[in-house]
1. From (1) more than 18 Å from the chain's Cα centre (by Cα); (2) under 20 Å from residue 73 (Cβ atoms), pick out the condition that doesn't hold for residue 112.
2. Determine if segment 64-87 includes at least one residue that is more than 11 Å from the ligand (Cβ to nearest atom), open to solvent by less than 50 Å² (accessible area, probe 1.4 Å), outside any loop (DSSP other than H, G, I, E, B) and among the polar types (S, T, N, Q).
3. Output the residue which, of all residues in segment 89-128 that are basic (Lys, Arg) and free of Cβ contacts under 8 Å to residues at least 24 places away in the same chain, is farthest from the ligand (Cβ to nearest atom).
4. Filter segment 51-63 for residues that are in a loop (DSSP other than H, G, I, E, B) and away from the ligand (no atom under 12 Å from the Cβ); which is nearest to the chain's Cα centre (by Cα)?
5. Could you please find all residues in segment 27-50 being more than 15 Å from the ligand (Cβ to nearest atom) and among the β-branched types (Val, Ile, Thr)?
6. Would you check which residues across segment 100-115 are touching a Leu at 6+ places or on another chain (Cβ under 8 Å) and either outside any loop (DSSP other than H, G, I, E, B) or closer than 22 Å to residue 15 by Cβ (or both) and list them?
7. With the requirement that a residue be within 17 Å of residue 257 (Cα to Cα) and small (Gly, Ala, Ser), what does segment 112-135 give you?
Amino acid sequence: MKQGEIKVETIRTIRELRRKLAPHRQSGRSIGFMPTLGYMHEGHLSLIRRARKENDIAVISIFVNPLQFGPNEDFDRYPRDMERDLRLAQEAGVDFAFVPDVREMYPEPVKTTVKVSGITDRLCGASRPGHFEGVATVVLKLLLIVGPDRAYFGMKDAQQVAVIEQMVKDLNVPVAIVPCPTLRESDGLAMSSRNVYLSPEERRQAVVLNQALQEAAAAAAAGRTDAGYLRSLVAGRIAAAPLADPEYVEVLSYPSLEPLEGRAQPGTRIIIAVAVRFGKTRLIDNTILEIR
Ligand code: PAF
């Protein structure tokens, strides 16, 4: 293919996407779907490759959803590069890229939103009011538009995965949610489109998130499963990075996201989750542990 030529089928309207997917669905082909905000990195591409492998048809959406950004958040400056995204998506084997604009997704102010209660009150839900309502609403819309058999989500956003799984269960949405492991840079920093905002020194120090979580995971594996102990271990480690400004360090049950007191019970799953600011950039990361 000539340099610059994009062959992935790029669709801007809901009507057109439904029209294109209908014959595939009718002939029994399975559809794998990965919704994205764009500005793809290797983390997105690994999910797309998996969707490609596990389904007959691979569909992505690229849509920076205004509903999930707060008034003082980075909606306007969220990194965007549609041409590069489409090229990467094509290389990863996408058949259809759905790239609606805001008017296509929200032709009028929305009066109907999806609110998943309880699990959205903590972690990012506490500091980003309305965020998960925006996420759940757009994800439900996209699932209704695409009608996939499987939808793929990265576990860096573990709370988002819990919210979507709950929504799909509560509303009987006929789709299998496939959680996929977090992809990391060679020094352990979780891949994120927002990493491009970091200055070189912030980027160097940001590795502390994964280091702190790894230390806590090792402590838990060695039997130190007390939630308070794990929380202070991670918080202390992050505090040692001078540019890190922690928003939360939490140890909760997963996926119910209930606070834990004392030692985590054997046979349960817990999440150690962090949100830390480096300058204007907010990074999140987590580890999920099976307690033995
Ligand atoms: O995780 C994201 O990229 C977004 O929250 C999602 C799922 C694409 C919804 O806008």
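1. Unmet condition: (2).
2. no
3. That would be 111.
4. Looking at the filtered set, the residue picked out is 55.
5. Listed by number, the list holds a single entry, 31.
6. So the first thing to find is which residues in segment 100-115 are touching a Leu at 6+ places or on another chain (Cβ under 8 Å), and the list is 106, 110, 113-114.
Answer for segment 100-115, where residues must be touching a Leu at 6+ places or on another chain (Cβ under 8 Å) and either outside any loop (DSSP other than H, G, I, E, B) or closer than 22 Å to residue 15 by Cβ (or both): 106, 110.
7. If the condition is that a residue be within 17 Å of residue 257 (Cα to Cα) and small (Gly, Ala, Ser), then 117, 118, 125, 126, 127 are the ones that fit.
Results for (1) closer than 21 Å to residue 79 by Cα; (2) among the polar types (S, T, N, Q); (3) more than 12 Å from the ligand (Cβ to nearest atom), shown as yes or no for each residue.
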| site | (1), (2), (3) |
| --- | --- |
| 154 | yes, no, no |
| 159 | no, yes, no |
| 164 | no, no, no |
| 189 | yes, no, yes |
| 193 | yes, yes, no |
| 198 | yes, no, yes |
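The values are calculated or read from the model by the stated rules, or taken from the named source; none is laboratory data. Computed from a predicted model, the values in this text were never measured in an experiment. Backbone-built Cβ (ideal geometry, glycine too); neighbour counts: all protein chains shown. Each accessible area value is taken on the protein alone, full model and side chains, heavy atoms only, with ligands, DNA and RNA left out. Shrake-Rupley method; radii C 1.70, N 1.55, O 1.52, S 1.80 Å.
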